[in-house]
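Worksheet for the structure shown next.
The values are calculated or read from the model by the stated rules, or taken from the named source; none is laboratory data. Bear in mind that the values here come from a model prediction, so they are computed numbers and not experimental data. So basically every Cβ, Gly included, is an ideal-geometry build from the backbone, and we count neighbours across all protein chains shown. To get the accessible areas, we keep the full protein, side chains included, count just its heavy atoms, and leave off ligands, DNA and RNA. Shrake-Rupley method; radii C 1.70, N 1.55, O 1.52, S 1.80 Å.
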Amino acid sequence: KAGVTQTPRYLIKTRGQQVTLSCSPISGHRSVSWYQQTPGQGLQFLFEYFSETQRNKGNFPGRFSGRQFSNSRSEMNVSTLELGDSALYLCASSRGGEETQYFGPGTRLLVL
Amino acid sequence: AQRVTQPEKLLSVFKGAPVELKCNYSYSGSPELFWYVQYSRQRLQLLLRHISRESIKGFTADLNKGETSFHLKKPFAQEEDSAMYYCALKAGTASKLTFGTGTRLQVTL
């Protein structure tokens, strides 16, 4: 079975721009969660989507949003980028959310 | 709100020595606890979860609700155990994982 894939793997943007990251879950998995990883704050939960609906949300500003498509693929969007948004963004998938979460390799975003 | 604490940023042990990576949590309900591991240049992967009570790669972890701890142990460290280890908590039925800051385990000869 193919693992969780994320595209792109690396991204450089400038302040004020917006960015969209993509995550393809393991086949059959309907839950996709997003996390931000930074040296200062560690791994922090952004949000979770299940069957195209946001089911849980972390404590991030409204600039961070996401969506999920009918094939369970998910996208995360960050608008009006700030320097502090530079991070590794991980997505994780599971069958229904309660089971083991499998992580993707991450997208490393650098905001200049 | 839940919280996970891993007090050691770095733990350095000799090959063959016992290993104990500490994890303490705070949560008012019944949590589900996990250990995730990230080897160099690899993705984050599940090592073990407390409900399965199994041993993976020689590692074990017991949930101690009285001490709110979920320490990871291995009797004899191997070089290939060198990695970043994260303790994580899942509260209730929500899928959200709350992670600790991680401990880097360095096994030297």
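Where residues in the stretch B:76-105 are hydroxyl-bearing (Ser, Thr, Tyr) and surrounded by 18 or more Cβ atoms within 10 Å (Cβ to Cβ), which of them is farthest from B:Ser30 (Cα to Cα)?
Residues of the stretch B:76-105 that are hydroxyl-bearing (Ser, Thr, Tyr), as a first pass: B:82, B:85-86, B:93, B:95, B:98, B:101, B:103.
Imposing the further condition that a residue be surrounded by 18 or more Cβ atoms within 10 Å (Cβ to Cβ) reduces the set to B:85-86, B:95, B:98, B:103.
Numbers: B:Tyr85: 22, B:Tyr86: 19, B:Ser95: 14, B:Thr98: 14, B:Thr103: 24 Å.
This residue is B:Thr103.
Residues being open to solvent by 50 Å² or more (accessible area, probe 1.4 Å) and out of contact with any helix residue (DSSP H, G or I) (no Cβ under 9 Å at 6 or more places or on another chain): count how many of those fall in the stretch A:1-15.
Of the residues in that region, 8 qualify.
Suppose we filter the stretch B:75-109 for residues that are closer than 26 Å to A:Tyr35 by Cβ and either in a loop (DSSP other than H, G, I, E, B) or touching a Pro at 6+ places or on another chain (Cβ under 7 Å) (or both); how many remain?
Qualifying residue count, the stretch B:75-109: 12.
Looking at the stretch B:53-75 only, could you name the residues that are loosely packed, with under 13 Cβ neighbours inside 10 Å and in contact (Cβ under 8 Å) with a residue 40 or more places away in the chain?
B:Glu67, B:Pro75
So if I check each of A:Ser65, A:Ser93, which one is touching a His at 6+ places or on another chain (Cβ under 8 Å), within 22 Å of B:Phe99 (Cα to Cα) and not in a loop (DSSP other than H, G, I, E, B)?
From the options A:Ser65, A:Ser93, the qualifying one is A:Ser93.
Is one or more of the residues making up the stretch A:24-32 within 12 Å of the chain's Cα centre (by Cα) and outside any strand (DSSP E or B)?
Checked against the condition, which is being within 12 Å of the chain's Cα centre (by Cα) and outside any strand (DSSP E or B), the stretch A:24-32 yields at least one hit.
List every residue pair whose Cβ atoms lie under 7 Å apart, where the two residues are 6 or more positions apart in sequence or sit on different chains, the first residue falls within the stretch B:28-48 and is assigned to a loop (DSSP other than H, G, I, E, B), and the second residue, located anywhere, is open to solvent by 10 Å² or more (accessible area, probe 1.4 Å).
Close Cβ pairs (under 7 Å, with a partner that is open to solvent by 10 Å² or more (accessible area, probe 1.4 Å)) amount to B:Gly29/B:Ala91; B:Gly29/B:Gly92; B:Arg43/A:Pro105; B:Leu44/B:Gln38.
Could you list, in sequence order, the residues of the stretch A:16-51 that are exposed (fewer than 13 other Cβ atoms within 10 Å of the Cβ) and either of a type in the set (Phe, Trp, Tyr) or out of contact with any Leu (no Cβ under 7 Å at 6 or more places or on another chain) (or both)?
A:Ser27, A:Gly28, A:Pro39, A:Gly40, A:Gln41, A:Ser51
Those residues that are closer than 20 Å to B:Ala1 by Cβ and either β-branched (Val, Ile, Thr) or over 12 Å from the mean Cα position of the chain (by Cα) (or both), I need them from the stretch A:59-69; list them, please.
Within the stretch A:59-69, A:Asn59, A:Phe60, A:Pro61 qualify.
Need pairs with beta-carbon distance below 6 Å; first residue in contact (Cβ under 8 Å) with a residue 60 or more places away in the chain and more than 7 Å from chain A (Cβ to nearest Cβ) and within the stretch B:95-109, second of a type in the set (S, T, N, Q) and buried (at least 20 other Cβ atoms within 10 Å of the Cβ); sequence gap 6+ or separate chains.
B:Gly100/B:Gln6; B:Thr103/B:Gln6
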